[in-house]
Each structure stands twice: as structure tokens, then as C-alpha cells.
């Protein structure tokens, strides 16, 4: 029973990280119809900037320095995200999907290599105090892991309100639904797109920093993270934020259950296997509406 | 309706819905061999949907389509084409990286050069069967595209593209040709050429099912007409009969023609 | 001289990889992101057959190509019904899964430690140990691949593949079985990828999963896109550019640990600029037949 509970806890933590990334990814996909493969690397930029800021104080990081670091990381990610939109996706608006896909991958690799050149290739973590885990029903969870769950829950609530209860959210939904129509209705599509990128990148930064807290970070992880986000999104239904979140938690569950059964060896490719299977069996995801692919003309 | 023997194409109670919208509510008609059969109806009547179902690009929700007695509903579009039912598209769709002549040869059947083995191990002279090259020549002459045979299809006028599409479709050796609004957007000279080509091909034994909005053209060329409105067949018969049908007049012909 | 020979061998192997990918992505219009993994399949197959099963080198070499081809066939058959960008992602997924297999099937592949001590190729009783000898046989393989790809691209088969690339629905309407052509293209390309991977293994005398991952995949892609989709001279050019860049960066004195990421950064920028300004690459795809005869219009 404790094993099951531990798996659940690990899945929730992993799922929270993935869902932060997946939610941002879906926001961008909804508005631009673009798979933003640099998203994970944007997250890593935020994480590394946070790390650098925290290192300014030296020694162990306190809640205060972490908060400052996080703030810096969020700003950095937002800047990078907006630049990517401006210089990559905007010039390619209307281009064939493959061209955009390759460009997105190129940007992702560019960010990754810049990180590697400036921050090095070693695995890093935030220098926080050793955590004494709380024991709940035979399973363990550290305060930091609890923080991850709490922060994610908070952010999703905020995201929900933003999308569904604000004027900006209405504009975002309009653009996601039909950009041409939204433009005709007077909605500043370019500005809304920029805001969406900024918000998504902020979420990504949080995901990156949280990952640096509970696991570790490494420049190559950006691509891994975005592929997992993509797997979550495909699993939950392309274009649906709740679907992306559910998909992310499901992915976390699959990973941890799979890791337990195979003693960790096959944990890494599970996300890709899930992605592969979903693409082959039901590309519209578990929750998504049919993409209309059967209507071929 | 049938002139001795089995009709060439039978459409039997075909149904199709998109989400909540019922596009076709059980449409049936038959096309006799050697006929020119017109399919008309206002926009949204389900003509294109029906076309796509017959040619294998959509799957029907119910009903059957029989070609020479053989069920073809549910088969892939390329299979349907090879069985003898070939369609054109409203927007011509030429292959941009090919010339006119290459576009015709592309459509030829049973080319030894179209397998990797044949491409690699047969000499270039054996890649295309002489009969195919000869047929291409005939069609180039028939459509008047002879003069532009080495031009890239991207450089053709819209009407020329439609002539090319028709010729390419014929290269596939069909028994029936489905033409999707062949006259749309074509200037009068080329329209006349298209009309003549269709009639010549019919003399050569081809059957036609044509969707059109150009009333003068379709009433003038068809042996039979079927009228659709909101996914339902509201009339069927010779052009004269259909033009005198009150329901058709109310639904379609009476109103100003919507493009 | 040995620097030059090393440069040459690397270019030849890379050009072989690029030629195969060009057939699939250029002429065929399919972004098969498992191409590098197929090279890995070829490498592991050939090396293991020689070292563990004592197969004669040539047979093992060809078997590497064959197994990679079959893998490509299976991947293609399964993923080709997906829309273009989903197809790319699915093949990316396959590539990652293959990488995981190489890494984790330790009993067979020794996982991340790789397989050292790969023997030199031996052909007709001669051991091709020197770089010059290796360059010779790889050049022959490359020449064959180049001629094969070009002939295929110019043939009715290639014409059908291009048509399917340009407008699959129109090609289907003309009775062309699109899936069959595409699977054939991936299979043939897979064969050359496998040979290239094997050649690399026998040249470096060491193989590990890292060699055949996403890094290689993107590099080959950049080379093909740079040279020109559908232009096979372009793939040679792209290979030259890629390897040249690699050598240039070490030459100008960049510290070794920065060379890899520096190269990656520059290649990414090149790729991005290509996508924005010249998505089809530098050299255009050659037409199928000779241009208009004298006296014809256009």
C-alpha cells in the first residue's frame, strides 16, 4: 500500500511539473497553432538565470533568495519567449507546418547550445537545505515537493481565472478560436499573441525552477521537458488546457508506474512511447475533439 | 433509366453527417453507361460531399456505391481510381514541379519505371509503355495543350489547368469521369474547348458525372440531370423534365444563380 | 595528410547519410526524424555480426543496411498515414525509443559504454586499415548511393513520389498508391542510412548510442536543407559545409568543450535562417526532363 501511495505522490509531483509546461505549451498551440518546441529550453533559461541569481548570495538558498531567483528567471524566460515569437514564428506565419516545425526545433537547439556554452554541461540543482521528508501513510514527501504541488495548484487556479474571467482571457479565447475573425472584431491579435507567449514562458520558468528544486536541471533537459509536455498535450487532447493538465498527470503516473515495474530502466522513453502510441492510435487525444482529420478535403 | 444491361454507376441511399449537420440524407440515382449525367443543386446541397464519397475521399455513414455492379464505397481513393472511376477537382490541382507532358505521363497506368526495380534496372527507354506516350499525344492534340507541352503547369492559365486535369484523368483509363465544376472560372474560348473535349471523349466511350453551376452548359450537355437540395434528391430526369419540375424551380432555378 | 583523410572520410560518411535523407525528405517530402537512428541500427547490426557472430565483413555490412531498411519500412508503414508534422514527431519518437534500446539493452549493446575495438573492414582478403583504404570503399558506396538516388528521382517512380509530395490528394485521385511509394522511399533511404552507420562504426572503430541520437539527426537535416531539397549534389555540398564547420571551429582555437555546442549553435542559426529565407535550400531541385527543346514555347 505504501508503494502505491509513494507512486501516487511521485506521480503528482512529476505531473505538476509536466502540467506547468504542458499548459503553457497548449496556450501557445491554441493561439498560434504552432508546436513551440523551444518551450522546454525557455524553461531551462529561466531555471539557469534563477540559479545564477541565487548563487550571488552564496551558500544555501533561503525562501527569500529563491523567490528573487524565481522572479529573475520568470523575467528572463518571458523575454526569451517573446523574442522567439517575434523572430521565429511571426516571420513564418502562414508557412507550411513542416517549415515551422523545423524552425521551432532549430530555436530549441540554439537556446540549448547557448545554455551549454554559458552554464556548462553539468547537472545542477538549487542549493537548498537537506529536506526532512514528511511521512504520510508509509510514503514520503518533502516540503519542497509539497511546495511544487501547492505552487502548481495556485498557478492553475490563476490561469483558469485569467482565461475564463478576464477580458484578456476572452480575447485569447477568441484568437484561439478564429484568428481572422478576432482580427476583424478589432482584437489586437499580435499583442494578444505576445501576451500569451509571455504568460506561457512565465509558467515555463516556474516549471524549470521547480524542476531544479526537486530533481535537477541540465541544458539538454529542455528538449526532454518539451517532448513530455507534447506527450501530455497529445494524451489529453490538443488545444485543451484541462486536457493538457490531465494528460500531464497521466504521463507522470505512467512514468512512475513504469519505472517501478522495470526498476527505472525504461522510465526515460515512457513519455515517447506514450506519445508514439497516442499519435498512432488517437491523435486527437483522450479528451480532445476530433481534429477533423477524416474530412480530407 | 438503364439502357440495356447494368448501369455503370449506382448510388444507393448514401448518407453522410458532419457533426450535427446531415449533409446527405439518403441519395440514390444511377448513371447509365455512355451517358453524361449532371448533378446540380444550390450551394450546401451536398453535391461536393456526394462527389467525395463516390470517389473515395470521404466515408459515407450509410448506403452503397456500385461501379459496374461492384461495391466501391469505403475503398481508398486511389483504389477507386484504378478501378475506373476518376475525378477531377474544382481547383484543378496541377503538379507544380512537372511540365504539362510529364503531368500526363504521370497519370498513365502500368508503367514499368514506376517501381524502384524498374527505375533502377530497366533502361530509360523502357520506363514508359509506348501506348501511354501515344495516348498522351492524342490528348495533347485533343485539348489543344500541344503547344504548351513543355511548360511548367504552374505557368498555365486556369482554363488550361482544367483541360490538363481532364486529360490527366483520361490517362488513368477510366470508365467514368467525375468532373467537379469543370466550367468554373474558365474563359469562354477554353470553355468551348472543354465542352468539345468532353463530347469527343463520350464518343470514345467514356461516361461522365458532372457537378456544375453553369446552367446553360449542364442543361445543354447532359442526357440526365439529378437535382439535390439540402442533402435530398428533389428531382431526376432529362434536362427538359427537370427544368419544368416545380420543386426544382422553387428551390433553385427560380432564384438568381448563386455562383 | 592524415588530417585531410580524416576530413575526407567524415565528409564521405556524412554525405551518404545526407543523400539517403534527401531521398526521403527532399524528393519525398517526408521529414523522417528517425534517419539517424536507422544509421544506428545499421551500425550495431554490422558491428555485432562481425564481432559476435564472426560474419565476413561484407555480409555484415550489407546486413546492416538491410536491417536498417526493414526497420525503416516498419516505421514508415506505421507512421505514414499521419499528417506531415505528426509524422515527423512520430518518427522522432521512434528515434528516441531506438536510442533508449541501444542504451538499455546492455547485454547486447553494452549500453552507454558502447562497443570499442571494432575491427577494420576486410574485403577480398585485404584489411582496409588505413584511412585511405577506408575512404576508397566508402567513396564507392557513396557513388552508388548518389547515382541510385538521382536515377530514382528522375524516373517515373521519382515523378510519382514528387507528385505525392506536391499534392497527395491529386496523386491519389490519379490512382497512385501514395503509401506504397512513400514506404519504398523510406526503405531505400533506410538502407543507405544503415550502410552509413556501419561505415562510421568501422571507421571510428567504436560505436555508442550517443553517436546516433538527435544531434546527428539534426546535423544531417541541416546538411540536406542547406544543400537543397531534392538536389543530390546539394547533399554533398551540405556534408562539406557541416564537416567543414566542425573542423573550422576546432581550427580557430575554440576550447574543446565549446566546440560541440558552438557548432550546434551555428548550425541552429543556419537552420533557422534557411527556414525563414530559403526553406528549400541553396540548390534547386532539378527538373525531371531536359528543358524545352529549341522552338518550343516556355
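Structural remarks
- Spherically averaged projected area of the stretch C:33-165 from its Cα convex hull (nm²): 9.7
- Cα point-scatterer Debye curve for chain A, base-10 log of I(q)/I(0) at q = 0.12, 0.13, 0.15 Å⁻¹: -0.76, -0.90, -1.20
- Share, in percent, of DSSP beta bridges within chain B that are antiparallel, nearest 5: 55
- A P(r) calculated from all alpha carbon pairs of the stretch B:1-113, with 10 Å bins opening at zero, reads 12, 38, 32, 15, 2 percent.
- Across the stretch A:1-56, Cα-Cα distances exceeding 12 Å account for 73% of all pairs.
- Bins of 10 Å, starting at 0 and running to the largest distance - Cα pair percent for the stretch B:65-196: 12, 39, 34, 14, 1
- Rg/Rh (Cα only; Kirkwood hydrodynamic radius) as it applies to the stretch C:116-200: 1.18
- Ellipticity estimate at 222 nm from DSSP helix runs (n ≥ 4, -39,500 (n - 2.57)) divided over chain B, nearest 500: -9500 deg cm²/dmol
- By the Stokes-Einstein formula, at 0.692 mPa s and 37 °C, the stretch C:83-126 with its Kirkwood radius over alpha-carbon pairs has D equal to 252 µm²/s.
- Alpha-carbon Debye profile of the stretch A:1-152, log10 I(q)/I(0) at 0.15 Å⁻¹: -0.92
- Rounded to the nearest angstrom and listed largest first, the equivalent-ellipsoid semi-axes of the stretch A:101-253 from its Cα gyration tensor are 31, 22, 14.
- Highest mean packing first, where packing is the average number of other Cβ atoms within 10 Å per residue, the peptides C:251-258, B:105-112 line up as B:105-112, C:251-258.
- Kirkwood estimate for the stretch A:51-131, i.e. one over the average of 1/r between Cα atoms, Å: 15.0
- Rg/Rg_ref, the stretch C:174-298, where Rg_ref = 2.2 N^0.38 Å and atoms are Cα: 1.34
- Compared with the dominant principal axis of the Cα atoms in chain A, helix A:143-165 is inclined by about 20°.
- Per-residue average of Cβ from other chains inside 10 Å of B:81-90: 3
- Unit Cα scatterers, Debye sum, the protein assembly as shown: log10 I(q)/I(0) for q = 0.07 Å⁻¹: -0.64
- Cα-Cα P(r), the stretch C:1-78, percent of pairs per 10 Å interval: 18, 40, 32, 10, 0
- Stokes-Einstein translational diffusion, chain B - Kirkwood Rh over all Cα pairs, 0.890 mPa s, 25 °C, in µm²/s: 128
- Based on every Cα atom in chain C, Rg and the maximum pairwise Cα distance Dmax equal 19.1, 68 Å.
- Ordering of B:80-88, C:127-135, A:38-46 by packing [mean C-beta count within 10 Å, highest first]: A:38-46, B:80-88, C:127-135
- The orientation-averaged projected area of the convex hull spanned by the Cα atoms of the stretch A:178-275 comes to 7.4 nm².
- Sorted peptide list for C:154-166, B:157-169, A:157-169, A:202-214, criterion being average Cβ within 10 angstrom, highest first: A:202-214, C:154-166, B:157-169, A:157-169
- Exercise: per-residue mean of other protein chain Cβ atoms within 10 Å, C:262-272: 6
- One quarter of the surface of the convex hull around the alpha-carbon atoms of the stretch B:190-259 equals 5.2 nm², the direction-averaged projected area.
Read the figures in this text as sums done on the coordinates, not as results from a lab. Since the model is a prediction, treat every value here as computed from it, not as a measurement. Methodologically, a virtual Cβ is constructed for each residue, glycine included, from the backbone with ideal geometry; neighbour enumeration extends over all protein chains shown.
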